[in-house]
Structures are given as structure tokens and as C-alpha cells.
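To start, the structure itself, in C-alpha cells.
The values are calculated or read from the model by the stated rules, or taken from the named source; none is laboratory data. Being a predicted model, the structure only gives us computed values, none of them experimental. Because the Cβ atoms are built from the backbone with ideal geometry, glycine has one as well, and the counts that use them run over all protein chains shown. Quick note on the areas: whole protein, heavy atoms, side chains included, nothing else; ligands and nucleic acids left out. Shrake-Rupley method; radii C 1.70, N 1.55, O 1.52, S 1.80 Å.
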Amino acid sequence: MTAPKAFAHRGFAGVFPENTVAAARGAVERGADAVEVDVQPTADGDVVVSHDRRLDGDEGLTDAEGVVWEQSTADVTGARVLATDECVPLLADVLEVIPDHVEVNIELKNPGSDAVRPGEALPAGARESARERWALFVESVLSVAGEHDNDILYSSFCAGALAAVDEADPAARVAALVAPNCADAGETVARRYDVDAVHPPLERAGTDRSTDWATVAADIDASLNVWTIRDWQDARRAVAAGADGVIADYPGLTR
């Protein structure tokens, strides 16, 4: 049996301060096949690597406060992560430490708006406005990523983000992230955009019989990467569900 691809979730967040340069570097050193990071804009329009809407979100991930996209680049990149010396980095700085042979999964987390609708397939009348909401930010992300030779996979819970990537660069590889309670919408989006990968959560990949994600992925010739894997038991469940890749918080689980 071929081992599934190991995606370092936020740079192996169980080991390193998540979404930082140190996490990206450490994930590569610990054998990740791909490094997964989350991106958002600052008030200045720069692309930073950060998961939460707020700098003080998730029980105080950083020592700063405020909504990420309402703060200056200087304030965001000066925010220390999890009481370490690592700060919220620019996407460009993270990509700089990832060798070309290691894949990068860039999750398009938010374009700088509370009007995004993650997990929804969106009716026809709402799709164009959703795409436009993401367009400028997606162009910025593509511009930064284009300076590097890594194989890039762009993923999102938001259909508007996938539409914006498809519009800006039809050749770009995209993945539909499936929200835990939105399996039907996730399948609709995956099929609509003929994505290169589908990323369902583990609890749905292994137990939700209403959606056979391995079959969906095979139907559209896409990879199946399952999140979030935290131990070897999770990894076994993901492989049993047909996973080609595991998006994991810890290294070594694909062994």
C-alpha cells in the first residue's frame, strides 16, 4: 500500500507555533510532503499567514488584538504567536523557506470581509458577487505564489474563492474544503468547479454514508485529502476512507 501524502496542517500545528516561518521550516525538516497554511489580507492589502479572524482569537493565539484585515501590515506581522518569538508572517516569507520540491496548500481563509459564506454552494444569483468579493485578494495571493516554483494547491470553504481562482488562473490547482455539516454543498461545489482535490473532515470521510467521498473524488478525477489528523488512529480511519493525503497536526502519522 502506498502511504498517503502528509500535509503539515498549519505547519504541523501540534509541534510548532502554527502558521509561522518556524512551522513551515520545521514541517519540511520533519518530512512533510506538503505544507498547509491559511491566508488573509491586512488593511494594507498584504497577504499574511493567519487562520483566525482576530489576532486575539482562539483563546489568544497572538499577543495583539483586532480583526486581521483591519490592522496594518506592521501591526499584524509584529504580533507574536503563542508567546514565542515567532510572529505572524507574510506569505512571501513562508514560501521562501519551503523548498521547491515540497507542495504548498494555501487555504484562502478570508478576503477581508464578514460577508463571505463558507460551506455554502451558493445559488446562481449570488455566485458572481461572491467571486468579485474574493477577486482582488486572490490576485494578490496568486501574485505572491507566482514568485516561487512550488506546486501550489489553493483550497477554500468558500465557493467564491474557488471561482475567483478559476477566473484569474484557469490552470491553477484548486481544492474544495468541505465544512462538517455541509456535505451536500461541498459535493456540489467540488463537481461545479471540477476541482483537483476534495478535502472533507475526518468525521465525514469515515462515517457519513450519505456522501462517499472516495467515489466523488474518483468521479471528478480529484485527490481525496482528509482533515484534521491528530494521531495514528485518525490516520488509519482516513486511509480506510480512501484518503490520498492526510492533513495532519503531527509528523510521522503516515508511517
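How many of the residues making up the range 175-188 are of a type in the set (Val, Ile, Thr) and open to solvent by 10 Å² or more (accessible area, probe 1.4 Å)?
1
Identify, please: which residue in the range 54-91 is among the hydroxyl-bearing types (Ser, Thr, Tyr) and part of a helix (DSSP H, G or I) and is, among those, most open to solvent (accessible area, probe 1.4 Å)?
Thr77
Say we look at the range 1-53 and pick out the residues that are of a type in the set (Ser, Thr, Tyr) and surrounded by 17 or more Cβ atoms within 10 Å (Cβ to Cβ); which of these is nearest to the chain's Cα centre (by Cα)?
Ser50
So, in the range 1-26, how many residues would count as being modelled with pLDDT of 95 or more, within 25 Å of Ala241 (Cα to Cα) and either in a loop (DSSP other than H, G, I, E, B) or not aromatic (Phe, Trp, Tyr) (or both)?
Of the residues in that region, 10 qualify.
Which of the helices (runs of 4 or more DSSP H) found entirely inside the range 179-255 contain at least 1 residues meeting this: within 24 Å of Glu29 (Cα to Cα)?
Result: 232-240.
If I go through the range 159-174 residue by residue, how many of them are open to solvent by 10 Å² or more (accessible area, probe 1.4 Å) and farther than 18 Å from Gly146 by Cβ?
Adding up the residues that qualify gives 1.
Taking the range 92-132 only, how many residues are in a helix (DSSP H, G or I) and crowded, with 20+ Cβ neighbours inside 10 Å?
So the answer is 4.
Of everything in the range 139-158 that's open to solvent by 20 Å² or more (accessible area, probe 1.4 Å) and in a helix (DSSP H, G or I), which residue is nearest to Asp93 (Cα to Cα)?
The extreme case among them is Val144.
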